[in-house]
1. If Rh is defined by the Kirkwood formula over all Cα pairs and Rg also comes from Cα, what ratio Rg/Rh do you get for region 40-93?
2. Taking the Cα centre of region 4-142 as the origin, how large is its charge dipole in debye, to the nearest 20, when only Lys and Arg (+1) and Asp and Glu (-1) carry charge on their Cβ atoms?
3. Within a Cβ distance under 15 Å of SER21, other residues only, what is the Lys/Arg minus Asp/Glu net charge?
4. May I ask for log10 I(q)/I(0) of region 73-142 at q = 0.12, 0.22, 0.26 Å⁻¹, from a Debye sum over the Cα atoms as equal point scatterers with solvent left out?
5. Where a Cα-Cα gap under 25 Å defines reach, which lysines qualify for LYS90, not counting those fewer than 8 residues away within the same chain?
6. Order the peptides 5-15, 90-100 from the highest to the lowest mean number of other Cβ atoms within 10 Å of their residues.
7. Find out how many positive minus negative residues lie around ASP88, taking Lys and Arg as positive, Asp and Glu as negative, among other residues whose Cβ is under 12 Å from that of ASP88.
8. Using Cα-Cα distances under 8 Å and only pairs 6 or more residues apart, what relative contact order does the chain have, in percent?
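FYI, it's all coordinate maths here, none of it is from the lab. Source: prediction; values computed, not measured. Please note: Cβ atoms are built from the backbone with ideal geometry, for glycine as well, and neighbour counts cover all protein chains shown.
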Amino acid sequence: MTKAHDVVDRWVARMPAGTTSERVHGDMWYVRIPGVARSWIPVEIEVGERTVKLTSHVIIEPEENPEAVYALLLRRNHKAGPVSYSIDGKEGVICLVTRVSHDGLDEAALDTGVGAIVQETEEVFRSILQIGFGSRLRTHGS
């Protein structure tokens with residue numbers, strides 16, 4: 001086990017009540033953090049050769065107005081700080097991603113990265129729902 005694995009293990013062990021975690025395999029953890037706009041915010045933490053990658057699957061591919069959703073996310077990318085939006089190529093899932101180099105990795109860096117994912121998700125999730133799934137929301141809301 002590397003120093004990076006030790007740091008992630010310590011960070012996961014001190015997560016607050018209400019969160020859940022699972023070590024998926026030797027290099028990956030899956031945590032779920034309670035949210036407001038989105039009830040749970042999933043974060044995968046993966047130790048790589050040089051970096052630790054944090055990925056959160058924000059929402060599935062939009063059902064309608066995809067151009068407007070992606071334009072919103074590109075604008076958000078411009079000011080989102082340490083996190084960036086991406087699209088998971090396998091399923092078109094909209095993700096937030098950030099990386100921390102092994103050299104800069106400590107529990108505070110994980111707090112910063114995960115905190116940025118949570119904050120960005122909370123700020124944009126409902127907008128994505130309204131733009132990309134508005135018909136479904138109106139149907140179920142009636």
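1. Rounded to two decimals, Rg over Rh is 1.00.
2. 440
3. Cβ neighbours under 15 Å give a net charge of -3.
4. Those come out to -0.42, -1.01, -1.18, one per q.
5. LYS53
6. Packing proxy ranking, top to bottom: 90-100, 5-15.
7. -2
8. After rounding, I find 24 percent.
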